[in-house]
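I have placed the structure first, in the form of structure tokens, so that the comments after it can refer back to it.
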Amino acid sequence: MRLFGYPITEPFWEQGLLVQYTERARFEYHPDKAGTPWAVLLGRLGAVIWEERRYAYTAQGTDAQLASELLQRLNEARQRQGLGPLQRDAVLDALAYFRSSDMAERQYFSHTAPDGTTVFTYLPLLGVNWRAAGETLQRNNYPTREAAKEAARALLASPSHRAILLDGRFTHVGVVCVTDRSGMHYFTVVVMQTP
């Protein structure tokens, strides 16, 4: 239950499979594989959801501007190191949005959510083809006009975050800001190396 959450449906038949949804997964019983270790499998829930949404996440307004400004500042830092810019990726943007909004809604700040999940929990569920990945987080309650500048400063001042953001292997990025009601800005940057 810690990883997949509680069941939210009773088992039911769908396209020849016995299916049950939990809070974070879809389990499938494959009758043709009965008696083997592959009789019960995790469905590709993330891939299905993202395909249905067609990567519909599009940040709007001030938070979108803050995310774009942060990416610009990070890419400028990469350029100063002779590295290519990080290219935005719609799936990584959606994953970064999920992470930032979850932190803002549940009022925590950590690479590990209260339920034990991390960004690496979701990458395989989304069907993302990746070789290496990383996540950097930053939050601040600076005035909006200064928030992205402070996020970039803090991330690049931290040796561990700087190492991730200036790693030449990484070519794709999702970058998002979600601002909660109190004015706290939650920035998530997910970087990835493709195979």
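Give me the percent relative contact order of region 122-180, please, defined on Cα pairs under 8 angstrom at least 6 residues apart. Walk me through the numbers before you get to the answer.
Working: 22 pairs, mean separation 17.3, N = 59.
29 percent.
Along the charge dipole of the chain, which of Pro159, Asn141, Thr118 sits closest to the positive end, that is, farthest toward it, with unit charges on the beta carbon of Lys, Arg, Asp and Glu (+1, +1, -1, -1)?
Pro159
If R₀ is 35 angstrom, what is the calculated FRET efficiency for the pair Thr144 and Thr9, using the beta carbon separation as r and rounding to 0.05? Write down the numbers at each step before the final one.
Details: r = 41 Å, r/R0 = 1.18.
In this case the efficiency is close to 0.25.
According to the square roots a ≥ b ≥ c of the eigenvalues of the Cα gyration tensor, what is the shape class of region 115-192, taking rounded for a/c under 1.5, prolate for a/b larger than b/c otherwise, and oblate for the remainder?
oblate
Loop only per DSSP, at most 16 neighbouring Cβ atoms within 10 Å: give me the GluC sites (Glu not before Pro) in region 1-37, ordered by residue number. Each step should come with its number before you reach the end.
Numbers: sites: Glu14, Glu23, Glu28; in loops: Glu23.
Passing sites in region 1-37 are Glu23.
Return one number: the angle in degrees, 0 to 90 and rounded to the nearest 10, between the long axis of the Cα atoms of helix 61-80 and the longest principal axis of the Cα atoms of the chain.
That works out to roughly 70 degrees.
Full-extension gain between Ala90 and Arg2, please, as 0.36 nm times their residue separation minus the C-alpha to C-alpha distance. Present the calculation step by step, with values, prior to reporting the outcome.
Values: separation 88, 0.36 × 88 = 31.68 nm, distance 2.82 nm.
Length difference between fully extended and current span is 28.9 nm.
Using DSSP to call loops (not H, G, I, E or B), can you name the chymotrypsin sites (Phe, Trp or Tyr not before Pro) in region 90-195 whose Cβ has at most 13 other Cβ atoms within 10 angstrom?
Values: sites: Tyr97, Phe98, Tyr108, Phe109, Phe120, Tyr122, Trp130, Phe170, Tyr186, Phe187; in loops: Tyr108, Phe109, Trp130, Phe170.
Filter output for region 90-195: Tyr108, Phe109.
Using heavy-atom solvent-accessible surface (probe 1.4 Å) with all chains present, what is the largest-first order of Arg106, Arg24, Arg145?
Arg145, Arg106, Arg24
So how tilted is helix 90-106 from the main axis of the chain? Cα-based, degrees 0 to 90, rounded to 10.
The helix 90-106 is inclined about 90 degrees to the chain.
With charges only on Cβ, +1 for K and R and -1 for D and E, what is the dipole size of the chain about its Cα centre, in debye, rounded to 20? Before the final figure, lay out the partial values.
Working: 21 positive and 20 negative charges, 133 e Å.
Using only the charged Cβ atoms, the result is roughly 640 debye.
Quote the charge dipole size of region 110-195 about the Cα centre in Debye, to the nearest 20; the model charges only the Cβ of Lys and Arg (+1) and of Asp and Glu (-1).
Numbers: 8 positive and 6 negative charges, 43 e Å.
In debye, rounded to 20, region 110-195 gives about 200.
Relative contact order for the chain: what is it in percent, counting Cα pairs under 8 Å that are at least 6 residues apart?
Working: 324 pairs, mean separation 46.3, N = 195.
Dividing the mean separation by the residue count of the chain yields 24 percent.
The values are calculated or read from the model by the stated rules, or taken from the named source; none is laboratory data. Quantities reported herein were computed from a predicted structural model and do not represent experimental measurements. Cβ coordinates were reconstructed from backbone atoms using ideal geometry, including for glycine residues, and neighbour counts include every protein chain displayed. When the accessible area is computed, the model is the full protein with side chains, heavy atoms only, and any ligands, DNA or RNA have been set aside. Shrake-Rupley method; radii C 1.70, N 1.55, O 1.52, S 1.80 Å.
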